[in-house]
Amino acid sequence: MVDEWSDEAFARRWDAAALEENPVRAEQLDILLSVLVEEYRSGEVILDLGAGSGIVEEMIFGQIPKARVIGVDSSAAMIRLAHDRLRGYENRYRIIRHDLEELATLDLPEDEYGIVISVQALHHLSDDRKKRLFVFVRETLRENGLFLLLDRLAENTPALYSCYRSLWRRQERVYRIRISAARETYEEHAEKLSAKQDHPASLKQHLVWLREAGFDAACLHLHGNRALFAARKA
Ligand SMILES: C[S@@+](CC[C@H](N)C(=O)[O-])C[C@H]1O[C@@H](n2cnc3c(N)ncnc32)[C@H](O)[C@@H]1O
């Protein structure tokens, strides 16, 4: 079933269970934040693409007291949750409701964007849209600006799917959680992704597209099918 971001109940469920099925999220967010804290320059604005319910913004404001964020998200339900979560920080952020597939009409405030982030959002876009978005991010960033991208990757190697399953079963043991993909065949998993209309790309595709868009790019952290990329405007 497609992720129903516009549905209030779906949005609330996702928000309440953001770490479920993805035990690596906490560590990768912590790494992203560690880089962000050291890279952020006072007075600049952080752009968050697919900002969702404001979980990442709350972490940013907790660690960088003067940071300002512009978030973009297409879901009114997620944006409502973000406003609830970020009460008290109203003068530090703004969330623009917009579809990232429609970049030509995305009207960002004139600001100096030193850092762009995106967390678990871009796999919702087609490969072509992801490539266009990388170019948009490069054009939006100031010289030498940084793009931190955290997202899921495609497990597009059927011959290795059993290894991913082993990794997820290990995560189930270590983190005492349940990961549905740990009991699926490759075909069942591929069918589920297709029904959700998710389009995760491979590690290599991300790096190639980021470099084609004009970034120096590296993968900072990889655990199974979850990766954190850092890309510097070249
Ligand atoms: C898994 S949530 C992640 C939210 C947030 N980045 C976080 O990690 O806590 C994915 C978010 O991407 C947003 N999203 C999905 N497709 C989108 C699109 N085409 N344009 C804008 N936002 C989109 C959804 O509304 C949702 O808020």
Legend entry - Inter-residue pairs, beta-carbon under 6 Å, first within 19 Å of Pro109 (Cα to Cα) and in the range 71-90, second of a type in the set (Asp, Glu) and modelled with pLDDT of 95 or more, 6+ apart: Gly71/Asp48; Ser74/Asp99; Ile79/Asp73
Inset, instruction - Would you mind stating whether Val35 is touching a residue at least 24 places away in the same chain (Cβ under 8 Å) and under 14 Å from the mean Cα position of the chain (by Cα)? - result: no
Legend entry - Members of the range 11-20 found to be away from the ligand (no atom under 11 Å from the Cβ) and of a type outside the set (A, V, I, L, M), listed by number: Arg12, Arg13, Glu20
Inset, instruction - Filter the range 129-161 down to residues that are free of Cβ contacts under 8 Å to residues at least 24 places away in the same chain and not charged (D, E, K, R) and give me whichever is surrounded by the fewest Cβ atoms within 10 Å (Cβ to Cβ). - result: Ala159
Inset, instruction - Give me a count of the residues in the range 16-39 that are of a type outside the set (Ser, Thr, Tyr) and closer than 14 Å to Leu146 by Cβ. - result: 8
Legend entry - Matching option when the condition is within 15 Å of the ligand (Cβ to nearest atom) and either more than 14 Å from the chain's Cα centre (by Cα) or not assigned by TED's automatic domain parsing to the domain that holds Trp209 (or both), among Arg85, Arg68: Arg85
Inset, instruction - Test Ser180 against the criterion of being touching a residue at least 40 places away in the same chain (Cβ under 8 Å) and either on the phi > 0 side of the Ramachandran plot or polar (S, T, N, Q) (or both), and give yes or no. - result: yes
Inset, instruction - Looking only at the range 63-75, decide whether some residue is part of a helix (DSSP H, G or I) and surrounded by 15 or more Cβ atoms within 10 Å (Cβ to Cβ). - result: no
Legend entry - Odd one out for Glu38, checked against (1) assigned to a loop (DSSP other than H, G, I, E, B); (2) away from the ligand (no atom under 14 Å from the Cβ): (1)
Legend entry - Lone unmet requirement of (1) closer than 28 Å to Asp30 by Cα; (2) buried (at least 17 other Cβ atoms within 10 Å of the Cβ) for Tyr175: (2)
Legend entry - Pair list, Cβ under 7 Å, 6 or more apart: the range 42-57 residue more than 8 Å from the ligand (Cβ to nearest atom), other residue in a helix (DSSP H, G or I) and among the hydroxyl-bearing types (Ser, Thr, Tyr): Leu47/Thr140
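Looking only at the range 198-218, how many residues end up being exposed (fewer than 15 other Cβ atoms within 10 Å of the Cβ), closer than 20 Å to Thr157 by Cα and not aliphatic (A, V, I, L, M)?
1
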Inset, instruction - Of the conditions (1) at pLDDT 95 or above; (2) outside any strand (DSSP E or B); (3) surrounded by fewer than 21 Cβ atoms within 10 Å (Cβ to Cβ), Gly43 clears all except one; give me its number. - result: (1)
Legend entry - Residues of the range 35-57 satisfying the condition of being among the small types (Gly, Ala, Ser) and over 15 Å from Ile79 (Cα atoms): Ser42, Gly43
Inset, instruction - Among the candidates Thr140, Thr105, single out the residue that is under 14 Å from Leu49 (Cβ atoms) and at pLDDT 95 or above. - result: Thr140
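Matching residues to (1) more than 16 Å from the ligand (Cβ to nearest atom); (2) under 16 Å from the mean Cα position of the chain (by Cα); (3) among the polar types (S, T, N, Q):
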| residue | (1), (2), (3) |
| --- | --- |
| Leu106 | no, no, no |
| Tyr113 | yes, no, no |
| Asp128 | no, no, no |
| Leu141 | yes, no, no |
| Leu150 | no, yes, no |
| Cys163 | yes, no, no |
| Arg178 | yes, no, no |
| Arg183 | yes, no, no |
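The values are calculated or read from the model by the stated rules, or taken from the named source; none is laboratory data. Predicted, not measured: the structure shown is a model, and the values here were computed from it. All Cβ positions, even for glycine, are placed from backbone atoms using ideal geometry, and neighbour counts span all protein chains on display.
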